[in-house]
1. Dividing the Cα convex hull volume of the stretch 1-143 by residue count, how many Å³ per residue is that?
2. From the square roots a ≥ b ≥ c of the eigenvalues of the alpha-carbon gyration tensor of the stretch 170-221, which class results: rounded (a/c under 1.5), prolate (a/b over b/c), or oblate?
3. With N set to the number of residues, divide the alpha-carbon radius of gyration of the stretch 222-280 by 2.2 N^0.38 Å and report two decimals.
4. Just to confirm the filter: which GluC sites (Glu not before Pro) across the stretch 91-181 are DSSP coil and have at most 11 other Cβ within 10 angstrom of their Cβ?
5. Bin by bin, in steps of 10 Å, what percent of the Cα pairs in the stretch 208-358 do you find, going until the bin that has the longest distance?
6. Points 7 angstrom from Cα along the Cβ direction at Glu209 and Asn329: gap in nanometres?
7. What would the Debye equation give as log₁₀ I(q)/I(0) for the stretch 113-234 at q = 0.11, 0.12, 0.14 Å⁻¹, counting only Cα atoms as equal point scatterers?
8. At 222 nm, what value in deg cm²/dmol follows for the chain if DSSP H runs of at least 4 each add -39500 (n - 2.57) and the sum is divided by all its residues, to the nearest 500?
Amino acid sequence: TAGTLALAAEAKGKSDFPRQYDINIEYGTAGFRSKAEHLDHILYRMGLLAALRSRVKGATVGVMITASHNPVADNGVKIIDPQGEMLEIRWETIASDLANIKDDELSSALLQIIKDESIDVTKPASVFFGRDTRPSSEHLSNAAVEGSKVFQAEVKDFGIVTTPMVHYFVAAHNSNNEYGDPTIDGYFEKLANAFRSFREEVVSERGPESGNYEPKIVADMANGVGGPMLKKMSELIKDLLTIELFNTGEGELNHESGADYVKVRQTLPKRVRIKAKDRCVSFDGDADRIVYYYQDQSVKFRLLDGDRIASLVAGYLKSLLDIMNIELNVGVVQTAYANGASTKYIKEVLKLKVACVPTGVKYLHHKAQEFDIGIYFEANGHGTVLFSKKTKVLVKAAREDKSSVFYRLAGGKRSAARKMLTFIDMVNETTGDSISDLLIVETILHARGWSVEDWENCYTDLPNRQLKVTVQDRNVIKVIDAECNISEPEGLQDDFDRLISMFAEGRAFVRPSGTEDVVRVYAESNTQANADKLAVHIAKLVHQKAGGIGDAPTW
Ligand code: G16
């Protein structure tokens, strides 16, 4: 019975996974994140909760153990819902409450959830597990597995895999393999086959000539799980793309490398050998983000971030729709971090809709579902593309269109449809996926015959700067308007506005991070010096008026 299970869960929790730290940890931007040593009891309890969530949904759910871009000493966990999407936001509160109760409150809390959510504990439950390469991940994963087992869930542990792979496994399994084969090989084959088919379609249409596109990239793996996984992919497509891998695990995770380091510092990762104009990518620690960059002739670092990927994808998909003559509601979803120039380009040049939502893939994903084709990317390189059922039906119909008397002339339309369907297969629609995103970008650049510079020439980024401010309690900052403004501390937004108005093309905002104990500052302006200055002034104001600790940041 529920009572017996809850008592067993509490007993095991007390003996094997007691709460040893009196620290309140909330389900944040991407699940729980903290120092690894604070997380034993939370992982165990999330294993319990995942088993309950599986019963509520009557489907398999996923648990990923990672702290992604955070330092190696941190770790974290997130629960993945049955279609491979992030945990329903209402359940984040349930998760936070369960994570923060005392050990001897566990059975009553579990019984309360069972009652509130009308869960039948005799029904089957199934949980998939995956973890990143952090030294603490195996131990923490075992704690979560133990939790799910106590609640009699069937458990499948995929071991060390990327975060988006776990999202994929869950979605594929729950679709009865329609979305793909829910295995590691199935994941690689699905993406690699789509990449190859697309290439064949392009080559059969226009021959082997690929314009300015060079089939070679340099890849920084942040010393994370991306290393072995991209290596595996690279072997499957080595005749089409040469991938030179760096930071594949010999150094410290995310240290002086990885997508976050490159994006925030706007600099090359360490321990990577490149030549001018080499097309380079960086993954983050769990391979759900990617940024591109290169060094130009004058050895200047040039970044092509998530906004650039969104613009590239949106422009290309629109061109396919134009060929097919299909009208669909296509939109790009961004956050306040999106470079103002990208938003302008998408709206004014591509003539597509742009929506802005708060930081966190979960918000972007939900918004993107409102479009027939929803392209969402955070500037940090986290994103994917969602295609509605209607889109898939219309494109399939266009592929089969043999009605035209000008059958031969309709060949372009059918080819565009085949490309679009193959493209859909290459996308991990469940969440941002570095490997899938890399294949998408390479496919479009090849199809367009573009070099990385051609891609960059679409628009010119406004110079920008990001800083972090450490404060006593980051939650004294209350954000509104999709994080573009703050409502508290009172009067601080007015101070920001006065400052911003003094900078040409000035824009800035601040927000408490949901993955680190800091307040983030973003500023852009007409020159790098101005963007830096604006960011520093805003950071100083935050430091002064929101309880800064230590020195205010400088640049
Ligand atoms: C996570 C989230 C992202 C978010 C990032 C930073 O990324 O998945 O959506 O942009 O954290 O969030 P914050 O600014 O709130 O700290 P990752 O790659 O760490 O999982």
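1. Convex hull volume per residue, Cα atoms: 97 Å³.
2. oblate
3. Output field value: 1.16.
4. Numbers: sites: Glu92, Glu105, Glu117, Glu138, Glu146, Glu154, Glu178; in loops: Glu117, Glu178.
Answer in residue order: Glu178.
5. Once binned at 10 Å, the Cα pair distances of the stretch 208-358 give 10, 33, 34, 21, 2, 0.
6. Each label point is offset 7 Å from its Cα along the Cβ direction, giving 4.2 nm.
7. -0.56, -0.64, -0.80
8. For the chain, the value works out to -13000 deg cm²/dmol.
Coordinate-derived values only; no laboratory data. As the structure is a computational prediction, the values presented were derived from the model and not from experiment. Neighbour counts are summed over all protein chains in view; Cβ atoms, including those assigned to glycine, are modelled from backbone coordinates with ideal geometry.
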